[in-house]
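Some notes on the structure that comes next.
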Amino acid sequence: MSSRPALSAKRYTVDRLLSKLGIASRGSSQEWVRAGRVQINGRVVRDPATWVLWPKDAISVDDRPIHDTAKRFLLFHKPKGVITTHSDEKARKTIFDVLPADLGYLHAVGRLDQATSGLLLLTNDSTLSSYLTDPANKVMRTYLVSVRGEFSEAQAKEAIVGVLDAGERLQCHSVKIQKSSGRESHLEVVLIQGKNREIRRLFLVLGHEVTRLRRIQYGPFKLGDLPPGAWREIPIEDARKSLRL
């Protein structure tokens, strides 16, 4: 028996539907469709703009049927060495190799690169993830950063003002120097935007290689004492209240 709710069918493009259900971002959904991973009523489609009637049509990804399931929100301590994606063409280990398979379809809110550890938010609530990643909302992300060499207050001010890298402006919201020596410096860095590898690129422009990077907070959600590889679920209504949604 189908677990889909008995609701009036609505029309969506297949990429928009996968995004709306929180299965993947719009961009990832388009990639999945073009790769032939999505079926509609048993037929593989390759055009992300293909129209579907939901929940009347049967949709599957990688031969797994999708459903309009209950919304979930998880805090996950991403270990160093795994990548933030559902699958990888190079067969590298992903966060979903670490997480239990029975959690259902969840997508990461933003990304952490392979060498970065710390707090990663996972959800199937596209409204919530869109709010958290929208630059207009200026949601703060806090990181502990270790860099080679002595990092000065003057450089901290420069990081806040911003630097240019490949024509893109990179900057921190704040930088606190916790320890600084000729060998290594430890910093607490806050971002309010999520550009690709922003911290590593920014500090390299300033002359410092990042040797360790860990995110400890994203908006009101904190890593706390959650050990690497572990996760904790927050009731979806509590997550929404924390963001005043």
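Where a number appears in this text, it was derived from the coordinates with a stated rule and is not lab data. Computed from a predicted model, the values in this text were never measured in an experiment. Cβ sites come from the backbone with ideal geometry, for glycine too, and all protein chains shown count toward neighbours.
At most 15 other Cβ atoms within 10 Å plus a DSSP loop assignment makes a site exposed; report the longest stretch of the chain without any exposed trypsin sites (Lys or Arg not before Pro).
196-243
Under the Kirkwood approximation for Rh and a Cα-based Rg, what ratio Rg/Rh is obtained for region 115-239?
Using Cα coordinates only, the ratio equals 0.99.
Under 5 Å between amide hydrogens, which residues at least 5 positions from residue 112 or on another chain qualify, with H placed 1.01 Å from N in the peptide plane?
Amide H neighbours of residue 112: 84.
Mind putting a number on the dipole of the chain about its Cα centre? Charges go on the C-beta only, +1 for Lys and Arg and -1 for Asp and Glu, and I need it in Debye to the nearest 20.
Details: 40 positive and 27 negative charges, 47 e Å.
Dipole of the chain, to the nearest 20 debye: 220 debye.
Hey, any idea what the orientation-averaged projected area of the convex hull of region 82-124's Cα atoms comes to, in nm²?
Answer in nm², one decimal: 3.1.
Along the positive direction of the dipole of the chain (beta-carbon charges: Lys, Arg +1; Asp, Glu -1; about the Cα centre), which of 54, 174, 137 reaches farthest?
54
Using the 10 angstrom Cβ neighbour count as an exposure proxy, how do 211, 123 rank, fewest first? Intermediate results must be reported in sequence, preceding the final value.
Details: 211 12, 123 21.
Going from least to most buried by this count: 211, 123.
Taking the Cβ of residue 196 as the center, what net charge do the other residues with Cβ under 10 Å away carry, scoring Lys and Arg +1 and Asp and Glu -1?
For residues surrounding residue 196, the net value is +2.
Note the direction-averaged projected area, equal to a quarter of the hull surface, for the Cα convex hull of the chain, in nm². Don't skip to the end; give the middle numbers.
On the way: hull surface 59.5 nm².
About 14.9 nm², averaged over all directions.
Once Lys and Arg get +1 and Asp and Glu get -1 on their Cβ, which of 226, 103, 196 lies farthest toward the positive end of the dipole of the chain?
103
Below 8 Å, C-alpha to C-alpha, sequence gap of six or more: please give me the relative contact order for the chain in percent.
Computed over the chain, the figure is 20 percent.
Given the pairs 56/93; 195/241; 56/90; 20/80; 157/179; 157/241, which are separated by over 28 angstrom at their Cα positions? Working shown, then result.
Working: 56/93 35 Å; 195/241 26 Å; 56/90 36 Å; 20/80 30 Å; 157/179 16 Å; 157/241 34 Å.
Beyond 28 Å: 56/93; 56/90; 20/80; 157/241.
Got a sec? How would 86, 208 order by Cβ neighbour count within 10 Å, fewest to most?
Values: 86 18, 208 22.
With the fewest neighbours first, 86, 208 line up as 86, 208.
Return the FRET efficiency for the residue pair residue 226, residue 136: r is the Cβ-Cβ distance, R0 is 25 Å, and the value is rounded to the nearest 0.05.
Details: r = 29 Å, r/R0 = 1.16.
Using R0 = 25 Å, I get an efficiency of 0.30.
With +1 on each Lys and Arg Cβ and -1 on each Asp and Glu Cβ, how big is the dipole of region 10-65 about its Cα centre, in debye rounded to the nearest 20?
Numbers: 11 positive and 6 negative charges, 42 e Å.
For region 10-65, the charge dipole is close to 200 debye.
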